[in-house]
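Everything on this sheet refers to the single structure shown next.
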Amino acid sequence: MRKLIESTHVSLGGEIGSPQAWALPYLSDEHHAYAKNLLFSADALLLGRRTYEGLSAAYIKMAGETTDVPNDFIQRMNSIPKYVASKTLRETTWNARVIEGDVATFVASLKSEPGGNIVKYGNGPLDATLMEHGLIDEFHLLVTPVAVGKGQHLFEAIDSAPQLNRVGMTTFGNGVVILIYAPK
């Protein structure tokens, strides 16, 4: 059974909606190594519509530019298959397809197939469905030492209070802490 791992940048105030505004100065070599290990452990991405739209625009553009993001990471992001949960999106690019039908059924079926991990970037409305059906195996919360409180917050779409166990933790030299949780 494949693991579904969610990876989300979080400010100290719990904000997740605009990491491009505050997380970029913290994308160190340690972060790149972590992100590469996570991405290369996967053979598929699961994305909500907003995350898909933001990442596709960024990574398609980065493919032809010189950036601080390692080239092999950009190539992997652009080539890995992506599944997008959306009720409004009808067409995709970026090696992606929109999930048709029930998202929970689709993700459960995808997890039962042989292969590597499935990585989900971001935290939003899709999480309510995935958590309700017990489909997320790990949450990787990249807690960034910036005090941003306004904006979209971690788990704001979740009504219940699922209990989690911390199963790992990594601290970077720049103060970023990756907290890894799994459902109880």
Quick test of your reading of the structure: A23 fulfils all but one of (1) within 29 Å of A104 (Cα to Cα); (2) in contact with a His (Cβ under 7 Å, 6 or more places away or on another chain); (3) at pLDDT below 95. Name the failing condition by number.
(1)
When you look at L89, is it touching a residue at least 60 places away in the same chain (Cβ under 8 Å) and either within 15 Å of K120 (Cα to Cα) or assigned to a loop (DSSP other than H, G, I, E, B) (or both), yes or no?
no
Sole exception among (1) under 16 Å from R49 (Cβ atoms); (2) among the aromatic types (F, W, Y); (3) assigned to a loop (DSSP other than H, G, I, E, B) for F106, by number
(3)
Mind listing just one residue for me: the one in the stretch 144-169 that is outside any loop (DSSP other than H, G, I, E, B) and surrounded by 14 or more Cβ atoms within 10 Å (Cβ to Cβ) and, of those, modelled with the lowest pLDDT?
H153
Do we have any residue at all in the stretch 35-53 that's more than 15 Å from the chain's Cα centre (by Cα) and not basic (K, R)?
no
Look at the stretch 115-131 and say how many of its residues are among the hydrophobic types (A, V, I, L, M, F, W, C) and part of a strand (DSSP E or B).
2
Output the residue which, of all residues in the stretch 29-45 that are of a type in the set (G, A, S) and surrounded by fewer than 15 Cβ atoms within 10 Å (Cβ to Cβ), is farthest from T67 (Cα to Cα).
S41
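The values are calculated or read from the model by the stated rules, or taken from the named source; none is laboratory data. Just so you know, these numbers come straight off a predicted model, no measurement behind them. Here the Cβ is made from the backbone with ideal geometry for all residues, glycine too, and neighbour counts use every protein chain on show.
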